[in-house]
Structures are given as C-alpha cells and as structure tokens.
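Notes follow the structure.
No lab work stands behind these numbers, since they all come straight from the coordinates. Since the structure is predicted, the reported quantities are computational estimates derived from the model, not experimental observations. Counting neighbours? That spans all protein chains shown, and the Cβs are built from the backbone with ideal geometry, glycine included.
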Amino acid sequence: MDKLAMTDALMAAKLAKGLSWETIGSDLNMSPVWVASACLGMNSAPAEKAKAIAEYLEVGPEVATALEVYPTKVWDQAVPTDPLIYRLYEVVGVYGDTLKQVIQEKFGDGIMSAIDFSMEVDKIEDPKGDRVLLTLNGKFLPYKSW
C-alpha cells in the first residue's frame, strides 16, 4: 500500500467514525497535529504508533505498515489556491524575511529545524471573532564554518 492509498483509507475511516484530529490525538495520547500529518502521509510513524492509529481507526495492518514508511515530502510548488493554505503562504511571503532577520538577531546565522519540531493549533475565543493561535517550536540549528 502506498501513502496515497493509506491516506484515503485513514480519511475514510476518520469520516465514517465522525472523529476529529483532536479526539484521535487525545484518545491515543499523541499530538493531533502530528497524527494528522502522519495520516496525510507527510511523516512516518514508529511501529507502535502506527499500530495504535490503525487499530483505533479499525483499518488493516497494511495501513499500519504504510504509516511506518518514510515519506517523500513533496508538495505542489505552485501558489496554493485553498484560502487557508494560501493565507499561511501569504504569511511566509510577507513576514518570512522579517522572521529570518529577527530569529538570526536572537540566535545567530542558522535555521529553525522542522525535524526537531512541534506544532500546536489552539482556538482563542474573542468577542470580536475567534482567533487561531499557531505555535511553531523548532530547534535552532546554527550554520557551521569549516
């Protein structure tokens, strides 16, 4: 089973059970953001987590095996058209250089890891309209001289 078929099976099971990523993550004691990413094929899952996800969603062992496969992280390089994804793309386009400058002033010349990384999505209720709080937490990796 490839990652695309795996994702189709997992998404169908999630929909059939009426589950949210928040519920799945909570019930499995895993980050809902990480579970969603693994189920969408963008991260591999260690064997025990793959088995737990597959059993929880009542999909076959071939899905658990596919969850363990290391992904090829490729996405469409065109400007995204989905409004939510486009806005995130816009944030990076508008604030990317700003974030780079501020991070490098604080840490030096380097990057924020997306490997040693976690992310959370929270809802902040506000009378003027609910707010989305994204927390990106990545290890700083300095560039080395040699």
Choice from Asp27, Asp130, Asp116 with maximal GNM fluctuation in the chain (Cα, 10 Å cutoff): Asp130
Debye intensity ratio I(q)/I(0), log10, the range 52-101, q values 0.17, 0.22, 0.31, 0.33 Å⁻¹ (C-alpha model): -0.73, -0.80, -1.09, -1.14
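Please go through the residue pairs Lys14/Lys123; Lys3/Lys49; Lys14/Lys139 and name each one whose alpha carbons sit more than 25 Å apart in this structure.
Check vs 25 Å cut-off fails for Lys14/Lys139.
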Residues in the range 11-34 reached by a label modelled at Met42 [backbone nitrogen below 17 Å; 7 Å Cα→Cβ]: 11, 21-22, 25, 31-34
Gain upon complete extension [Thr23, Leu99; 0.36 nm per residue less C-alpha separation]: 24.1 nm
Cα long-axis angle, helix 83-107 against the chain (0 to 90 degrees, to the nearest 10): 50 degrees
Distance cut-off 12 Å, percentage of C-alpha pairs in the range 83-142 lying past it: 75 percent
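Could you state the orientation-averaged shadow area of the convex hull built on the Cα atoms of the range 3-68, in nm² to one decimal?
Convex hull of Cα atoms, orientation-averaged projection: 3.5 nm².
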Debye-sum result for the chain in log10 I(q)/I(0), which assumes one identical scatterer on each alpha carbon, at q = 0.09, 0.12, 0.14, 0.19 Å⁻¹: -0.37, -0.65, -0.86, -1.26
Loop-exposed trypsin sites (Lys or Arg not before Pro) per DSSP, neighbour cap 15 Cβ within 10 angstrom, longest uninterrupted part of the chain: 1-72
Label point distance in nm, Thr65-Leu133, each placed 7 Å from Cα along Cα→Cβ: 4.3 nm
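So for the range 36-75, what are the equivalent ellipsoid semi-axes in whole Å, largest first, each being the square root of 5 times an eigenvalue of the Cα gyration tensor? If you can, show how the numbers build up before the last one.
Values: eigenvalues 60, 17, 13 Å².
Over the Cα atoms of the range 36-75, the ellipsoid semi-axes are 17, 9, 8 Å.
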